[in-house]
Amino acid sequence: MKEVAMLERTGNFFAEKVRKILPDSFVFAVLLTFITVILALTMTGAGPKEIIEAWVKGVFDSDIIFFAFLMIMVLTFGFCIGVSKPFTRFFNWLVRFIKKPWQVYFFLVILSILLMLVNWGLAPVLAILAVEICKRVKGVDYRVAIAAFYSGLLVWHGGMSSSAA
């Protein structure tokens, strides 16, 4: 038990350090955009106006918007399924025997792998389930539960919703 406490303290120490220095993902997006603009200005011979026009044209391309719309629909339908009454009853039935944190983590890993093999769009369903389980079981570390949930995303590309399938 002493080793677990030491490991948890060590993990919390490093998590806090990383949380303090790691910027938000939007910062990365803006930074990469500026780097791309600078590289385009120096390497292509195009002016600022042409670069901005090309960027806007690329972002608002009809194919990209159509693809983004489809992805939003997949996630929206997944969320709607996850909050529906039949699935809520099914979740309640499914998690009634889970009482300990390690059972939560194990359950989330197995279920996320199985669901992601079917379709990655079921991620919102599992995320809702994960939140509900974490609320019910005392002592669950949300960070470990999130990692367990994300473990299913390691296999989605080999499942039925992959490009190769």
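The values are calculated or read from the model by the stated rules, or taken from the named source; none is laboratory data. Note that the structure is predicted; figures quoted are calculated from it, not measured. So basically every Cβ, Gly included, is an ideal-geometry build from the backbone, and we count neighbours across all protein chains shown.
Suppose we keep only residues that are under 21 Å from the mean Cα position of the chain (by Cα) and of a type in the set (V, I, T) within the stretch 76-97. Which one would you say is modelled with the highest pLDDT?
T76
When you check A46 against the structure, is it more than 21 Å from A123 (Cβ to Cβ) and in contact (Cβ under 8 Å) with a residue 40 or more places away in the chain, yes or no?
no
For the stretch 40-67, enumerate the residues that are of a type in the set (A, V, I, L, M), surrounded by 11 or more Cβ atoms within 10 Å (Cβ to Cβ) and over 28 Å from the mean Cα position of the chain (by Cα).
Once the filter is applied, which keeps residues that are of a type in the set (A, V, I, L, M), surrounded by 11 or more Cβ atoms within 10 Å (Cβ to Cβ) and over 28 Å from the mean Cα position of the chain (by Cα), the stretch 40-67 yields A40, L41, A46, I51, I52, A54.
State which residue pairs qualify: first residue within 12 Å of A40 (Cβ to Cβ) and free of Cβ contacts under 8 Å to residues at least 24 places away in the same chain and inside the stretch 51-62, second residue assigned to a loop (DSSP other than H, G, I, E, B) and of a type in the set (G, A, S) in any location, beta carbons under 8 Å apart, and separation of 6 or more residues or different chains.
A54/A46
Give L94, L114, L129, L153 a once-over and let me know the one that is buried (at least 18 other Cβ atoms within 10 Å of the Cβ) and either in contact with a helix residue (DSSP H, G or I) (Cβ under 7 Å, 6 or more places away or on another chain) or farther than 21 Å from L7 by Cβ (or both).
Values: L94 fails: buried (at least 18 other Cβ atoms within 10 Å of the Cβ); L114 fails: buried (at least 18 other Cβ atoms within 10 Å of the Cβ); L153 fails: buried (at least 18 other Cβ atoms within 10 Å of the Cβ).
None of the others qualify; the one that does is L129.
In this structure, is F97 among the aromatic types (F, W, Y) and free of Cβ contacts under 8 Å to residues at least 12 places away in the same chain?
So F97 passes the test.
Evaluate the following for I72: is it modelled with pLDDT of 85 or more, closer than 26 Å to A123 by Cα and surrounded by 10 or more Cβ atoms within 10 Å (Cβ to Cβ)?
Yes, satisfied.
Specify which of the listed residues (E16, E50) is at pLDDT 85 or above, farther than 25 Å from I146 by Cβ and not in a loop (DSSP other than H, G, I, E, B).
Just a single option satisfies the conditions, and that option is E50.
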